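The values are calculated or read from the model by the stated rules, or taken from the named source; none is laboratory data. Bear in mind that the values here come from a model prediction, so they are computed numbers and not experimental data. A quick note on method: Cβ atoms are made from the backbone with ideal geometry, for glycine too, and the neighbour counts reach across all protein chains shown. For the accessible areas, the whole protein counts, side chains as well, though only heavy atoms, and no ligand, DNA or RNA atoms are used. Shrake-Rupley method; radii C 1.70, N 1.55, O 1.52, S 1.80 Å.
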Amino acid sequence: MNFKFIFKAISVALVSFSLTLISAVSFAATDVRIMWYGDGDKENVPIAAQIDEFNAANPDINVILDIVPYDAIMNTLPIQLAAGEGPDIARVTDLGGLNKYYADITPYVADPSYYEKSFGPFLNWYRKPGDSTSIHGFHSTMTVTGPYVNKTLFEQAGVDLLGPGATWEEWAAVSIEVAEKTGTPIPMAWDRSGHRVSGPAISMGAKYFDSSGDPKLVDDGLKAMTQMLYDWHQAGTMSKDLWGSVSGSKYHAPNDWWNAAEVVFMMSGSWQIGRFANEVGDDFDWWAVPAPCGPAACTGMPGGNALLAFNANPAVGKVMDYLSSKEQLSSFIGQVLAIPGHLDLQVDYQTDDPNAKHALNTFAGAVPTIDQVAFDLQAHVDNRIMFNAIISRLGQAIVGEMTMDEAWERMDEDVEKQLKEKYGG
Amino acid sequence: MENIRNQTKNFFLRILNIPFAFLMHAIDLIMWPIQKIIGVRNMPYIFLLPNLIFFGLFVIIPLVANFFFSLSSGDELLFAERELPTTKQYDQLFDCESYLNPNTCTEDFFWRGVYNTIFFVVFQVGLMIFFSVLTAVILNKKIIGRGFFRSVFFFPVLLSPVVVGLIWQWILLKNGAFNAIIESYGGDKVSFLTDPSWAMASVIFVSIWAHMGFYTLIVLAGLQAIPPNLYEAAEMDGTSRERIFFRITLPLLMPNLLVVFILASIKGVQTFDEIYVLTGGGPGTSTSLIVQYIFTTGFASSGSVQNFGLAAAASMVLGVVLLFLTLMQLYFSRNKESKHQEI
């Protein structure tokens, strides 16, 4: 009798446990993993808050935000994707380079036409050649490359800031003058990045593509700009300590020198606004200035980062709809002090900093002046190959490992070699 | 009283023994039939099997995969999507007009890495042996705080290479601690890490600092193994200190120095992490060694094509060098053992 009772009790317990397990599995929230790099807390905190809000409102979906360094997006993510792993969504800057991994979320978003209307020109940056309909994600922030100056140093030196139309040579000359008058060690500092070099190179006449639209890196325009950068390094206008501190195509930004007011003129881009507002504060006045000119244009490079999907399912679609909504994007952009990638977005920037406000206006105003070559280059699937060739070979020439002639020859060879490896032949 | 204590102790030991005994019997249930089938003599292989499985899974299979990667091309990761077999990667690596001038090579970064590695290993190993012997000889003497100094010299060995890189970066940067001292004495700042003429010397110095303790310990062990009566006899003969060092200490230390030489060379060829943190391989490529070339080509191309095939081919070349050095080490250590046995 007792044994029968125990046997029955165990059976009931097992059946109940199994049912609980089955129901738990059936009603488990769907995980959506986002790989996110942010420019410090200024970007990470707002996105984390938005994700928390989404998770609270959608118990059937569990969004997991993996905050990673930028290097992980550039180097680890492509390997994960090639191995068939990787997140559901990632914040990406190599927009065309990863397009073979993007998933089409059109069937899973509430209103595909919203994406076309709001992010239209950028969607093509993510699509494979020949595709004009897929939706893979949306532009999180748009960026424009351009220079900043330490306005306080200009005022101390009694040198007037140059206006629109000033050339690169003129900006270099006044930066040297200010540095000399104020005892500032570095007249000019640039981000070590081929992307940053490309806007000025296009201003000097660089075309980047041949008549059939294939990459053709080195021409007179690119030569003129890279020669100028080489000369500035040899003359001390730019410090070798910055570009010399790494090798290959590794990115490096001169923020530490800039924050310490050791730089008069810094070539970077709009994504620095929030960072400067936080880090420089009221130590000195910093001003974004219009892109300096060359004989062909006065342009920076467009760019930005996008949240792109690598898996297509209803949960991913819902997360994308939420994060790309006007309300969420406006709130995010307003906090991080960036230029929206949304074409119709009213942003209430949450800052009283006059430097940040001026910089936002300057960069937003620069968008219409961006040269078509710059847009084409940014949209090209293999642009990173060209950017990396420029910076690694120019870096070698600057430290004396090769002449500029050899560097230009190598730049073209590098591009050709990489394209052959990628596409065969 | 003692008896009761022993009985209690035995009782608890027996209780503690129950799960182990149960486990052993359970294992016996599995092992007994296996032993019946394969025989007692082959049982050691069964005990080695778990380790061999892991070794095969994480060493042998990747090694074989790496070899096949080196014979393939394309930017895909999966073999099914790659062009295979091809010697293209090896052709590309060794395509040079003159091997003495990296600028004439298709893969000039690889050859710069090769020359930088040779330069690095020659000077790092040479200087490391010199300073290890010097330090070991001093630490072998009866000096005050000998134990403390032995620990101090060994301490950097315990640090992670990334920590070593970061510490020395803070010290050697243009705005770092060392330049602050130079400036305070009225000197000009030196670009230890960003001037090509200084950068390699700086990374060699840091590498010696980080690894010297380990080799000092080996040399110290060698010094302590030298029979003291040899020194006593030499002193009784009135032999000078220099003569004692060069005629007794150094010859008897030679087997240890050989081990130090080969181990340090293997480690030197593999160097990557501390230099990557310290200089990133720059300025230009002046401190970029072979392993960094492999890493950058395969995994850190920053948006360029991740050329797994080329990286695998370069790592196969590096593997051959390391294999040669390892065989040398095995040969000399066996030679040393057989000499000991003869004695």
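Values as computed for the structure displayed
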item	result
Three-way shape call for region B:231-332 based on the alpha-carbon gyration tensor, with the a/c threshold at 1.5	prolate
Sequence-distant residues sharing a close amide H with A:Ser140 (under 5 Å, placed H)	A:Asn305, A:Ala306, A:Leu307
With Cα atoms, 0 to 90° folded angle of helix A:194-203 axis to chain A main axis	50
Accessible-area composition of the protein assembly as shown, carbon plus sulfur, in percent [1.4 Å probe]	63
Where a label projected 7 Å from the Cα of B:Ile38 along Cα→Cβ would reach, residues of region B:48-63 with amide N under 16 Å	B:48-56
1.4 Å probe, heavy atoms, protein only - residues of region A:71-90 losing at least 40 Å² accessible area vs chain alone	A:Asn75, A:Ile79, A:Ala82
Candidates A:Ile398, A:Ile61, A:Ile79, ranked by Gaussian network fluctuation over chain A, Cα under 10 Å, top entry	A:Ile79
A:Trp271 accessible area, assembled protein chains, probe 1.4 Å, Å²	60
Å² of accessible area per residue within chain A, as computed with a 1.4 Å probe and no ligands counted	41
Beta bridge orientation in the protein assembly as shown: antiparallel %, DSSP, nearest 5	60
Residues losing 10 Å² or more accessible surface upon assembly, region A:395-418, compared with the chain by itself, 1.4 Å	A:Gln396, A:Val399, A:Glu401, A:Met402, A:Glu406, A:Arg410, A:Lys417, A:Gln418
Percent RCO, i.e. relative contact order, over region A:198-302, from Cα pairs under 8 Å lying at least 6 residues apart	39
Loss of accessible area when B meets A, both sides summed, Å² nearest 100, probe 1.4 Å	3000
5 angstrom amide H check on A:Trp190, placed H, neighbours 5+ away	A:Met267
1.4 Å probe, heavy atoms, protein only - residues of region B:304-332 losing at least 40 Å² accessible area vs chain alone	B:Ser304, B:Val305, B:Gln306
Computed FRET value (nearest 0.05) for B:Tyr115 with A:Glu279, which takes r as the C-beta separation and R₀ as 35 Å	0.30
Mean accessible surface per residue for chain B, computed with a 1.4 Å probe while every protein chain stays in place, in Å²	60
Links that overshoot a 18 Å alpha carbon limit, given the list A:Lys326/A:Lys357; A:Lys100/A:Lys128; A:Lys42/A:Lys357; A:Lys151/A:Lys181	A:Lys326/A:Lys357
Candidate residues B:Ser70, A:Ser331: accessible-area rank, largest first, probe 1.4 Å	A:Ser331, B:Ser70
Rounded to 10°, Cα long-axis angle of helix A:220-235 versus longest principal axis of chain A	80
Long-range HN-HN contacts of A:Thr30 with modeled amide H, under 5 Å	A:Ile61, A:Asn62
Within region B:275-318: backbone nitrogen closer than 16 Å to the A:Thr76 label point (7 Å, Cα to C-beta)	B:299-303
Cross-link reach list, lysines versus B:Lys267, counting only Cα pairs under 26 Å and skipping chain neighbours closer than eight places	A:Lys250, B:Lys336
Stretch in chain B that is longest and holds no chymotrypsin sites (Phe, Trp or Tyr not before Pro) that DSSP places in a loop and that have at most 13 other beta carbons within 10 Å	B:186-343
Span-rule helices in chain B, defined as complete DSSP H runs reaching 24 Å or more along the axis (Cα) with Kyte mean at least 0.0	B:2-38, B:108-140, B:196-225, B:250-270, B:308-342
